Amino acid sequence: MSERGALRALVVDDEEPARRLLAEYLAASPGWELAGQCANGFEAVKAAGQEQPDLVLLDVQMPKLDGFEVLELLGEDAPAVVFVTAHDEHALRAFEVHAVDYLLKPVSQDRFSVALDRAEARLRSGERPPAEALLRSSRPPGGFLERIAVRHDGQVEVVAVERLDFVEARDDSVRLVSGDKKLIKQMTLQELEAQLDPRRFVRIHRSFLLNIERLARVDLYAKDSRVALLRDGTKLPVSRAGYDRLRALL
């Protein structure tokens, strides 16, 4: 909220005419002001961190990083969100992440005003979406993750799931390993495992999730102790339960 008491909204859409229209609607809305405009999800994540808007008016389908991935990256710091999109098939998913409203393009000024009133009521009440809902927001309904977005050194990086070698648990975060790239993401291994295709990724140890396409062989290391040898020479521990899961899958 600004010093004058106005609520601030960030407009995010990859189409300039859509951004301009929402900015005009916002300018005509008492008690609201524009916090900025973003043409893609990368800009949105950065601007939300810098500007700390109360609300984000967020398109769903954008190149490289969609609206749900933006929300997941913002996590507990995510502002209230109103989705503005030309596609109605994302509505149920939007409300699962506790969106304030879901507007279909073309949006009228009257319908826009209703959404702002709902957003203001939500903000004044102090209601916040559950963090776990935002953690799941990037997973497509009925499917598995195909890419993982990570905030890293002030930037956003996107890793294709098929390029992952393995994932290592790190307390309340995970380390994603893809070739020479190693990224830390704030979620648990269990949370990530639930979003990945179990036909491709297997829990070989309490601390390791392996892309089975990277597996070269499993060697006996000691009595009842095994090690997975990856194609690049990396060695990972394999627990007894992990070995059973591997055998069932291969």
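The values are calculated or read from the model by the stated rules, or taken from the named source; none is laboratory data. Small disclaimer: the values here were computed from a predicted structure and weren't measured. As a convention, Cβ positions derive from the backbone with ideal geometry for all residues, glycine included, and neighbour counts pool all protein chains shown.
Here are a few things to note about the model shown:
- Check on residue 70, touching a strand residue (DSSP E or B) at 6+ places or on another chain (Cβ under 8 Å) and part of a helix (DSSP H, G or I): yes
- Boolean, residue 202 is in contact with a helix residue (DSSP H, G or I) (Cβ under 6 Å, 6 or more places away or on another chain), assigned by TED's automatic domain parsing to the domain that holds residue 174 and either surrounded by fewer than 18 Cβ atoms within 10 Å (Cβ to Cβ) or in contact (Cβ under 8 Å) with a residue 40 or more places away in the chain (or both): yes
- The range 73-117 - residue that is of a type in the set (Asp, Glu) and touching a strand residue (DSSP E or B) at 6+ places or on another chain (Cβ under 8 Å) and, of those, surrounded by the most Cβ atoms within 10 Å (Cβ to Cβ): 101
- Qualifying positions in the range 22-33 - crowded, with 18+ Cβ neighbours inside 10 Å and closer than 30 Å to residue 157 by Cα: 22
- All positions within the range 53-83 that are modelled with pLDDT under 95 and in contact with a Pro (Cβ under 8 Å, 6 or more places away or on another chain): 78, 79
- Those residues of the range 30-52 which are in a loop (DSSP other than H, G, I, E, B) and in contact with a Pro (Cβ under 7 Å, 6 or more places away or on another chain), in sequence order: 40
- Here is the figure for the range 168-177: residues that are over 17 Å from the mean Cα position of the chain (by Cα) and not charged (D, E, K, R) total 2.
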